[in-house]
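Visitor: This structure is in C-alpha cells; I'll ask about it shortly.
The values are calculated or read from the model by the stated rules, or taken from the named source; none is laboratory data. Keep in mind that what you see is a predicted model, and the values were worked out from it rather than measured. No Cβ is skipped: glycine too gets one built from the backbone with ideal geometry, and neighbour counts run over all protein chains shown.
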Amino acid sequence: MEITLLTHERERDRKTNTGALALQQCGNSVRRTIWARRHPDPALVGAIERGEAALVYPGRDATPARLEDFDRVILIDATWQEARKIYNHSPYLHTAPRVQLAAANASSYRLRRNQPEGGLCTAECVIEILRSCGEYSAAERLEAAFADFNRAPHTGQSNRS
C-alpha cells in the first residue's frame, strides 16, 4: 500500500505537522506530493482516473470504498481549514472513491485547536491504514514516535486548526 500525503505548502515547515513524522518513520510506504491548485500532480490525477487510488476524507456525500481495494491511498496533509480548501479547489479529488477510517480510539493529537470530533491527524490516519493492511510493526513504530512527538513541546509555532 502506498500512502500519498497531498500536502499544503505551508504544512511542510510547521513544527506540529505529523505528516513529516509519518515520512520519517515509514520509509517508502509514505510519499509527499505538494498540492498545487493550478498544476495538480499528473501521476496522482492519473491514479485517480485509473481507479488505483482512494482518498481518505470525511463527508456524507462520499462514495464508500474499501481500503483493501486500492494500491494507493491519498491523505490531505494540512490543517482542517486548509484541507477543506484543497478538497474544494481540486475537482480531481471529487472523483476519487473515498475511504473513511474507523479508528478504534479518539484522536490523541492536542497540538492544534479546533480539531473536529472524530477527526484524526495525518500520523493517526497513517497508523490506521498500516494496521488495516497488516503492517503492524510499522504502525507500532509510528505510533510510538507519534506519542513522543505529541508530548514534546513545539514552541514558536502557531497552534491553528
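Conditions (1) of a type in the set (S, T, N, Q); (2) over 16 Å from the mean Cα position of the chain (by Cα); (3) more than 29 Å from ALA145 (Cα to Cα), marked per residue:
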{"position": "THR4", "(1), (2), (3)": "yes, no, no"}
{"position": "GLU11", "(1), (2), (3)": "no, no, no"}
{"position": "GLN24", "(1), (2), (3)": "yes, no, no"}
{"position": "ARG37", "(1), (2), (3)": "no, yes, yes"}
{"position": "ALA43", "(1), (2), (3)": "no, yes, yes"}
{"position": "GLY46", "(1), (2), (3)": "no, yes, yes"}
{"position": "GLY51", "(1), (2), (3)": "no, yes, yes"}
{"position": "GLU68", "(1), (2), (3)": "no, yes, no"}
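Visitor: In the stretch 117-139, which residue that is in a loop (DSSP other than H, G, I, E, B) and under 15 Å from the mean Cα position of the chain (by Cα) is modelled with the lowest pLDDT?
Guide: It comes out as GLY118.
Visitor: Right, something else. Regarding the stretch 98-114, can at least one residue be identified that is surrounded by fewer than 18 Cβ atoms within 10 Å (Cβ to Cβ), modelled with pLDDT of 90 or more and over 21 Å from GLN25 (Cα atoms)?
Guide: no
Visitor: ALA83: in contact with a strand residue (DSSP E or B) (Cβ under 7 Å, 6 or more places away or on another chain) and at pLDDT below 85, yes or no?
Guide: No.
Visitor: Please work out if ARG14 is of a type in the set (Lys, Arg) and surrounded by fewer than 20 Cβ atoms within 10 Å (Cβ to Cβ).
Guide: Taking the combined requirement at face value, the residue does not satisfy it.
Visitor: Now for a different question. State all residues of the stretch 11-45 that are without any contact (Cβ under 8 Å) to a residue 40 or more places away in the chain and touching a strand residue (DSSP E or B) at 6+ places or on another chain (Cβ under 9 Å); if no residue qualifies, say none.
Guide: ARG12, ALA20, LEU23, ASN28, ARG31, THR33, ILE34, ASP41, ALA43
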